[in-house]
Amino acid sequence: MTNTLKNQIAIITGAATGIGLACAHRLAKDGAKIALWDIDAEKAQSAAAQIPVAEAFQVDVADEASVMAARDATLNAFAKVDILVNSAGIAGSVAPVDEMNADDWRRVLDINLTGTFLTNKAVLPTMKTQDYGRIVNIASVAGKEGNPNAAHYAASKAGVIGFTKAIGKEIATQNIAVNCITPAAANTEILNQMTPEFVAYMKSKIPKDRFVEVDEIANMVAWMASPECSFTTGAVFDISGGRATY
């Protein structure tokens, strides 16, 4: 175990599985104590049992009252927040725009984009008071390039990119770095939400000819969440296996 994040407190959303859980393990390895935020309380408790320095909190990131309650509970348990890794997200159904259900559109935007806004908003007062913080928002290469039949997901992740750039500029004079990461499709349970045809399409777009592993994403997030990421803010870090063209 390293001590890069010794005495730091990290909130990780969507932490019960996938990218969030991988980030929790990595940041704990680097010395941080972890607040695991997830809508699935049972899975969050199970994840916390794997990480001795972690506590689980049930939260719906799309609901402001739920987010603020989880923030207050986290501060009560740990006294401060140094890091936010915003990983909660859903893929939604696969459909062309003219056949897409409006409720499904709103649900994807509520969780992926509004959830990012609410979680960032919740931790900023504490970070401003202590003049320190690191926020990593998980976007997607789909937010740069778009995926056909997944306009809601692409729009939500493009929104995360724009939001991150804006908030990074807002607080650039403070010691708070806000950046995002744009993975290609990851080898996680989210693939189960998609048709086999769409999964094959996404893999075909990646020059490395494989999905990114969650530990690879966690490795990049670990630096972005560390004190070493001291000058970069409002930036987009690519981890798309060569897919991204900008």
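Coordinate-derived values only; no laboratory data. All values reported here derive from a predicted model rather than from experimental measurement. With ideal geometry, Cβ positions are generated from the backbone for all residues, glycine too; neighbour counts draw on all protein chains shown.
The modelled label-to-label distance between Q50 and M68, using points 7 Å beyond Cα along the C-beta direction, is 3.3 nm.
In sequence order, region 157-167 has phi-based couplings of 6, 5, x, 4, 5, x, 4, 4, 4, 5, 5 Hz under the Karplus curve 6.51 cos²θ - 1.76 cosθ + 1.60, θ = phi - 60°, and Gly or Pro positions carry x.
The stretch between N219 and K203 holds 3.6 nm of extra length on full extension. This uses 0.36 nm per residue minus the Cα-Cα distance. Helix 115-130 and the longest principal axis of the Cα set of the chain meet at an angle near 20°. For A56, nonlocal amide neighbours, meaning residues 5 or more places apart or on other chains whose placed amide H falls under 5 Å from its own, are L36. Only Cα pairs under 8 Å and 6+ residues apart enter the sum, and on that basis the relative contact order of the chain stands at 20 percent. Amide H contacts for I135 (H built 1.01 Å from N in the peptide plane; partners 5 or more residues away or on another chain; cut-off under 5 Å): L84, A177, V178, N179.
Packing order of peptides 227-234, 42-49, highest average first: 42-49, 227-234 (average count of other Cβ atoms within 10 Å over each peptide's residues). Principal-axis analysis of the Cα atoms of the chain puts helix 41-50 at an angle of about 60° to the longest axis.
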